Structure formats: structure tokens, C-alpha cells
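Accompanying notes for the structure given below.
The values are calculated or read from the model by the stated rules, or taken from the named source; none is laboratory data. Not measured: the values here are computed from a predicted model. Neighbour counts run over all protein chains shown; Cβ positions are idealised from the backbone, glycine included.
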Amino acid sequence: MTVTITQHATCTFCGCVCDDIELHDDGVKIIKTKAACSLGTSWFLNHTAERLYPDALIDGKEASVDDAVEVAAEYLHRANMPLVYGLSNVTCEAQREAVSLAEKIGAVIDSHTSL
Amino acid sequence: MGGKVSCTLGEVKNRADFILYWGGNPAECHPRHFTKYTIMQKGKFLPEGRKGRTMVLVDIRETMSVKAADIFLQVRPGKDFEVITALRALVKGNRVDTALVEETGLKLEQLQDLVDRMKRCKFGVIFFGMGLSMTRGKHMNSAAVLTLAAEMNAFTKFVAMPMRGHGNVAGADMVLRWTTGYPFGVNLCRGFPRFNPGEFSTVDLLVRGDIDAAFVLGADPGATMPQPGIDTLARVPTIVLDPKVTHTSRLARVHITTSVTGISSPGTAYRMDEVPLPLRPVLKSPYPSDEEVVRRIIAAVDKKTAWLPRPETMSSGVA
Ligand code: SF4
């Protein structure tokens, strides 16, 4: 087992976004953190690179990402007033794509801020 | 929140000798806020660290954060706006009715003492949490606190900052602001952005059942929304992008598993003081990133006819 050590990793679990975390990983799991608080540590240790979930689900049945993308596009294109919601646990780059999608399908776009 | 009087957490660390937390419990919700950014740090102009700073906590109940505070003010639930208004009056030297203050659970002397300390400090900061911005008064409370901070600048340097929760929610505000001009709840149904909280906010749209499809990423409204809202998500076609199969995924028509932000997918996240920070993912995920999946959905939508007439196909008769 080779352990890789990464310095200055960023924790996005809370709004502090600490960017001074040291992570030790074995390629599949993070096995140790330094500098992170208890919330951050459990967040890092709880996510792995394992395949725990199906790639995609359509009506609850396993499907390929290609098919799921097509079905999603069909639903969103057909809708008159779709909603794009969330945006909290994703990167700014993904948020920007979401705005672009919202504009394309004529949607309302909203985040946790409105709660 | 355009025009708000704020600063970065680095400035707080180096300069703030007066720190007020209102309606938040950083000890448990933002565990490193005290130690990394605020009270515990030695700053450039605060060589004494904790001893050189005053920390005041305002909340409706005693939380774990009380232990870290020099002064704790317990406000009666739902009375925050009244307290802020009384503080604003005292800052300006106006008379305040003792009986009205007492309804908030505090005494006039306590508020006067707070105002005196605020005026005496060199650099003051108010961090406000969801205990202020999500309770009675909501965004009016946030606006009042921001105004209080702005008005304090007649006497000394003073700023205010919201304590943002979930990871990159600050980034969502920023991205929506720079792309549409508004921070959240933006309606693009007419092809241009319209903003009206209460009308276009998710909880209202879902509870009224106004929408006919939902695209959810980086959230689990199926676990957090009021029941009528969850019913709407189950009724309309809902599409979910998430690293896990969530409550929302279970009532959705389509779920696509994506890699975990920051652990497997790279990108940028905004800290609560609106400083963008790069993520350093360490694990290679078997799943695509949210960014990639959204881009593929856009490509698939692009193959269909546009719902909005393009300018060249519109009739030219309208002056
Ligand atoms: S390490 Fe702790 S305080 Fe820092 S961002 Fe993560 S959860 Fe927040």
C-alpha cells in the first residue's frame, strides 16, 4: 500500500473552507487528516473512490450515464418552468454550467441562500 | 448583498479587537473559526491574541460557544430585530424606552455597555448566523445588522459578515451575481433575469407547486423541504446529480452519480468572506464530475429546438 501525502488540501464541509489540511490517502480512501476539525475529518474519511452506487438511475432502474443525460435533457427541454436548485456542494465551475443550463431551458435557478 | 460593509477573514485576524457573533454557534458549526480566523489568533496589530480582543455572543440560548465569549447576551426568541434597532438608536445617541428594551430579554444598561464597547474599539466585526437570518424578520434582520455595521463607521472601523454554512453556498451567490446580477432565486423563464424572493425562492415554488420539472445538484431538498414541497418534487420529473443516492434521488425520475467535490473533483470554492480558493482533490473517482454531467446535458439540450425564438427568426414588425 502506497500512501500519498497531499499538503494544503481544501475542506469544503463548512463556510470556513480551510485550505491548510494535510491528507494521507492510499488511492481509494483517505486514511488520515491533519489540521482538520472533527467535522472536516469525518467528511474526508467518509468519502472514498469506491464504486458504491450505480452510475445512474432512470425511474429507479440502473442505467448508463449516456441514457440518463438524454432523458434528463428531454424532461428539462419539455418543461415550461423548470427549477435548477442546490448549488451548495458543487464547485463554482459546475455552478457556472448550471446557470448556462438554466438560461438554455428557461428555468428558475436558486441556492440554499433563499431558505 | 451588494454594497455590504465587509472585509476578509485575514483582516479580522490581523485587526479586529471587537468580535460579535450573532445567532450562530461557531464552536460546533464552524469549529475552526475561532482558532484559525478570529479570537484565538495573534494578529499583526494584535500581538496579544485572545487577550487583545473582546468577544460578545448574542443568541437565544446558551450554546457551546458561550464558553469562548467575554460577554453573552441572551435575547428572547424572535426579538433580534428589536435589539438591533435599539442598538442603532443608541449608537446615534437617541433615547430608548427601557420597557421596550426589556421586552427583548435584555436591559438597557447591557445595550448601552455594548454600544460603548463598539465605539471604543479600533476594528469591530459582526458575524451573523442563521439564528438571525432564518428566524422572525429573516432578511430584514440581516439588512439591519449590515446597516448597524455601516453606521458604526461614523465612529470607528466596523464590518459585518454572514457565517455561511454548507461548503460553497457563498460561491453560488457569487456565480449567480456575476452571471445574472442577482444572488439567488433568479427566474430566467422570460429569457432575462428577474429577481423576487418569496415568489421565485425554491421553497415557495415547491410548496405552491409552480414548477413542472426540477434539476437538483449539490443539495437534498427531498430531506429538508416541507412535505408539500417534497410532494411537488415527486410529482414533476426531478433530475438529481449527487455523489450518493439521496432522499431526493429516490423520488426522482433520473439520478446520476457524480464525484465528490473537493475530494475527487477539482475546481474553486468561495470561503464565507468571498475569497475564492482552489480545491485539491486527492482520490480518482469512477464517476464524472457535476461540471462534466451538466455540460453533457447542455449539449443534449442544444440538439433540440430552442424554446426562445432567436432574434433572426422573430417578426420584425414590432418597433
Ligand atoms: S476543517 Fe472544519 S472548520 Fe475547516 S472547513 Fe472543514 S469543517 Fe469547516
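Odds and ends about this structure:
- Filtered residues of the range A:97-115 (kept if surrounded by fewer than 24 Cβ atoms within 10 Å (Cβ to Cβ), over 20 Å from the mean Cα position of the chain (by Cα) and under 16 Å from B:A299 (Cβ atoms)): A:E103, A:K104
- When residues of the range B:274-319 are limited to those that are among the hydroxyl-bearing types (S, T, Y) and within 30 Å of the chain's Cα centre (by Cα), the one modelled with the lowest pLDDT: B:S285
- The range A:33-45: number of residues that are more than 8 Å from the ligand (Cβ to nearest atom) and not polar (S, T, N, Q): 3
- Looking only at residues of the range B:48-69 that are within 16 Å of the ligand (Cβ to nearest atom) and hydrophobic (A, V, I, L, M, F, W, C), we find that the one that is farthest from the other protein chains (Cβ to nearest Cβ) is B:A68.
- Residues of the range B:1-53 that turn out to be of a type in the set (S, T, Y) and either on the phi > 0 side of the Ramachandran plot or buried (at least 21 other Cβ atoms within 10 Å of the Cβ) (or both), as a count: 3
- Residue that is nearest to A:I5 (Cα to Cα) [pool: residues in the range B:251-271 that are of a type outside the set (S, T, Y) and more than 7 Å from chain A (Cβ to nearest Cβ)]: B:P266
- Residues of the range A:1-32 that are of a type in the set (S, T, Y) and within 11 Å of the ligand (Cβ to nearest atom): A:T10, A:T12.
- Only one of B:F34, B:F72, B:F45 that is touching a strand residue (DSSP E or B) at 6+ places or on another chain (Cβ under 9 Å), farther than 17 Å from B:V145 by Cα and within 14 Å of the ligand (Cβ to nearest atom): B:F34
- When A:A35 is tested against the conditions (1) in contact with an Asp or Glu (Cβ under 6 Å, 6 or more places away or on another chain); (2) more than 18 Å from B:L251 (Cα to Cα); (3) facing chain B (nearest Cβ under 7 Å), the lone failure is (3).
- Filter pass, B:G209 being of a type outside the set (S, T, Y), on the phi > 0 side of the Ramachandran plot and facing another protein chain (nearest Cβ under 7 Å): no
- Helices (runs of 4 or more DSSP H) enclosed by the range B:112-214 - at least 2 residues per element that are in the same structural domain as B:T248 (by TED's automatic domain parsing) and among the β-branched types (V, I, T): B:169-180, B:202-208
This table checks each residue for (1) free of Cβ contacts under 8 Å to residues at least 12 places away in the same chain; (2) more than 7 Å from chain B (Cβ to nearest Cβ); (3) buried (at least 21 other Cβ atoms within 10 Å of the Cβ); (4) out of contact with any strand residue (DSSP E or B) (no Cβ under 8 Å at 6 or more places or on another chain).
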{"position": "A:L57", "(1), (2), (3), (4)": "yes, no, yes, no"}
{"position": "A:G60", "(1), (2), (3), (4)": "yes, yes, no, yes"}
{"position": "A:S64", "(1), (2), (3), (4)": "yes, yes, no, no"}
{"position": "A:A73", "(1), (2), (3), (4)": "yes, no, yes, yes"}
{"position": "A:V84", "(1), (2), (3), (4)": "no, no, yes, no"}
{"position": "A:N89", "(1), (2), (3), (4)": "no, no, yes, no"}
{"position": "A:A94", "(1), (2), (3), (4)": "yes, no, yes, no"}
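Every residue, every condition in (1) more than 24 Å from A:A49 (Cβ to Cβ); (2) assigned to a loop (DSSP other than H, G, I, E, B); (3) over 25 Å from the mean Cα position of the chain (by Cα), yes or no:
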| residue | (1), (2), (3) |
| --- | --- |
| B:T232 | yes, no, yes |
| B:V240 | no, no, no |
| B:V245 | no, yes, yes |
| B:T248 | no, no, no |
| B:I256 | no, no, yes |
| B:I263 | no, yes, no |
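- Qualifying residue in the range A:78-90 (condition: over 19 Å from B:A213 (Cβ atoms) and within 15 Å of the ligand (Cβ to nearest atom)): yes
- Candidate set: the range B:217-233, residues that are surrounded by 15 or more Cβ atoms within 10 Å (Cβ to Cβ) and small (G, A, S); chosen: the one nearest to B:E292 (Cα to Cα): B:G218
- Residue, surrounded by the fewest Cβ atoms within 10 Å (Cβ to Cβ), within the range B:175-189, restricted to residues that are within 7 Å of chain A (Cβ to nearest Cβ) and out of contact with any helix residue (DSSP H, G or I) (no Cβ under 8 Å at 6 or more places or on another chain): B:C189
- Exactly one residue among B:F192, B:F184 is touching a strand residue (DSSP E or B) at 6+ places or on another chain (Cβ under 6 Å) and modelled with pLDDT under 95, and that residue is B:F184.
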